[in-house]
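A.B. asks: Take this structure first; my questions come after.
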Amino acid sequence: MRRLAVALLLIAGTAPAVRAQPARILVVPFDNVKREGRIFWLGEASAVLLTDDLNAVGADAITRPERQQAFERLQVPPVAALTDATVIRIGQLVGAAQVVVGSLQMEESVLVLHARSIALDTGRVLVDVTERGPLPDLFAIFERITRRIVPSATSSEQIERQHPPVAVFEDYIKGLLAETPGTAIRYLNGALKIQPAFDRIWL
């Protein structure tokens, strides 16, 4: 992550000017430090969840479809490990003012998340935070990170209202990441059995 900040400083002077909305924030899928298969879905989940929470507190975070379009334009595989230069280009492409990068790992039964919010124009680290907790507290952990990035008076109840149970969210993300339609449908149907009212799955 330190290399990313340095790269931003080096590129800022040569990159073409981008007319970005000041508050736009791009959240990049977090790096699964130990490459643990049991939590592979949390990389994408981190970007989706943090984006949702940032938007819930009034920020202008870039949605997954926008991020995926940028990936496609740069011909970057959706689950690829991103280089610093690629993160910068994606941020510029979607008109972001900040990019949030991070890492995650399990320490026994505790999920450890490290996130940094970096200004794209200067490379300055705006927020550097580490949060931890058990996996069932996934939403609460990300809410704490969200409030560090964008302080807000929005109540926890308002933020939590948009979240399904963790098991539903896990199956939803696995459905998004599935490599075949059959696998995707299996995961999404599994999520719907638990919570049929989770409208995002139908979309």
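The values are calculated or read from the model by the stated rules, or taken from the named source; none is laboratory data. Keep in mind it's a predicted model, so treat the numbers as computed, not measured. Glycine gets a Cβ as well: all are built from the backbone with ideal geometry, and neighbour counts include every protein chain shown. Just the protein is used for accessible areas: all its heavy atoms, side chains included, with ligands, DNA and RNA removed. Shrake-Rupley method; radii C 1.70, N 1.55, O 1.52, S 1.80 Å.
A.B. asks: Please go through the stretch 58-145 and write out the trypsin sites (Lys or Arg not before Pro) that DSSP classes as loop and that have at most 14 other C-beta atoms within 10 Å.
C.D. replies: Counting only loop positions with at most 14 other Cβ atoms within 10 Å, the trypsin sites (Lys or Arg not before Pro) in the stretch 58-145 are 124.
A.B. asks: Evaluate the distance, in nm, between pseudo-label points positioned 7 Å from the Cα of residue 178 and of residue 148 along their respective Cα→Cβ axes.
C.D. replies: About 3.5 nm separates the two model spin labels.
A.B. asks: Where a ≥ b ≥ c are the square roots of the eigenvalues of the C-alpha gyration tensor, would you call the stretch 108-164 rounded, which needs a/c under 1.5, or, failing that, prolate if a/b is larger than b/c, or oblate?
C.D. replies: Because a/c hits 1.5 or more and a/b fails to exceed b/c, the stretch 108-164 counts as oblate.
A.B. asks: How would the stretch 101-203 be classified by its alpha-carbon gyration tensor: rounded, prolate or oblate, with rounded meaning a/c under 1.5 and the a/b versus b/c comparison settling the rest?
C.D. replies: Prolate, since a/c reaches 1.5 and a/b exceeds b/c.
A.B. asks: Let me ask something additional. With each run of n ≥ 4 DSSP H residues scored as -39500 (n - 2.57), what mean residue ellipticity at 222 nm is computed for the chain after dividing by its residue count and rounding to the nearest 500 deg cm²/dmol? List each step's numbers first, then the result.
C.D. replies: On the way: 9 runs with 94 residues, N = 203.
That comes out to -14000 deg cm²/dmol.
A.B. asks: Taking Cα atoms, how many degrees apart are the long axis of helix 181-194 and the longest axis of the chain, rounded to 10 and kept between 0 and 90?
C.D. replies: That works out to roughly 60 degrees.
A.B. asks: Which residue fluctuates most in the GNM of the chain (Cα springs below 10 Å): 96, 56, 167?
C.D. replies: Judging by the Gaussian network model, the answer is 167.
A.B. asks: Right, something else. For the Cα atoms of the chain, what angle does the longest principal axis make with the long axis of helix 166-177, in degrees from 0 to 90, nearest 10?
C.D. replies: Rounded to the nearest ten degrees, it is 60.
A.B. asks: On full extension of the chain, what length is gained from residue 106 through residue 86, given 0.36 nm per residue of separation minus the C-alpha to C-alpha distance?
C.D. replies: Roughly 4.6 nm would be gained on extension.
A.B. asks: Just 31, 84, 53 to compare: in a GNM of the chain, with alpha carbon springs under 10 Å, which one fluctuates most?
C.D. replies: Of 31, 84, 53, the most mobile in the Gaussian network model is 84.
A.B. asks: Follow-up. Any idea of residue 60's accessible area? Nearest 10 Å², probe 1.4 Å.
C.D. replies: Residue 60 has an accessible surface of roughly 50 Å² with all protein chains in place.
A.B. asks: Name the residue, out of 151, 29, 77, whose mean-square fluctuation peaks in a Gaussian network model built on the chain with Cα pairs under 10 Å.
C.D. replies: 77
A.B. asks: Let me ask something else about it. Once the Cα gyration tensor of the chain is found, what semi-axes does its equivalent ellipsoid get, as square roots of 5 times the eigenvalues, in whole Å, sorted largest first?
C.D. replies: The equivalent ellipsoid of the chain has semi-axes of 27, 19, 17 Å.
A.B. asks: To continue, here is another question. Tell me, which longest segment in the chain has none of the GluC sites (Glu not before Pro) that fall in DSSP loops with at most 13 further Cβ atoms within 10 Å?
C.D. replies: Counting at most 13 other Cβ atoms within 10 Å as exposed, the longest clean stretch of the chain is 37-107.
A.B. asks: What is the angle, in °, between the Cα long axis of helix 84-93 and the longest principal axis of the Cα atoms in the chain? Nearest 10 is fine, range 0 to 90.
C.D. replies: 90 degrees
A.B. asks: OK, next. In the neighborhood of residue 56, defined by Cβ-to-Cβ distances under 10 Å, what is the net charge if each Lys or Arg adds +1 and each Asp or Glu adds -1? Don't jump to the answer; show the numbers that get you there.
C.D. replies: Values: positive: 161; negative: 52, 53, 143, 160.
Around residue 56, the charge tally is -3.
A.B. asks: Here is a follow-up. Go through 172, 150, 25 and say which Cα lies farthest out towards the positive end of the charge dipole of the chain; charges sit on Cβ, +1 for Lys and Arg, -1 for Asp and Glu.
C.D. replies: The listed residue farthest towards the positive side: 25.
A.B. asks: Report, for the chain, the % of DSSP beta bridges that are antiparallel, rounded to 5.
C.D. replies: Working: 19 of 26 bridges.
The antiparallel fraction comes to roughly 75 percent.
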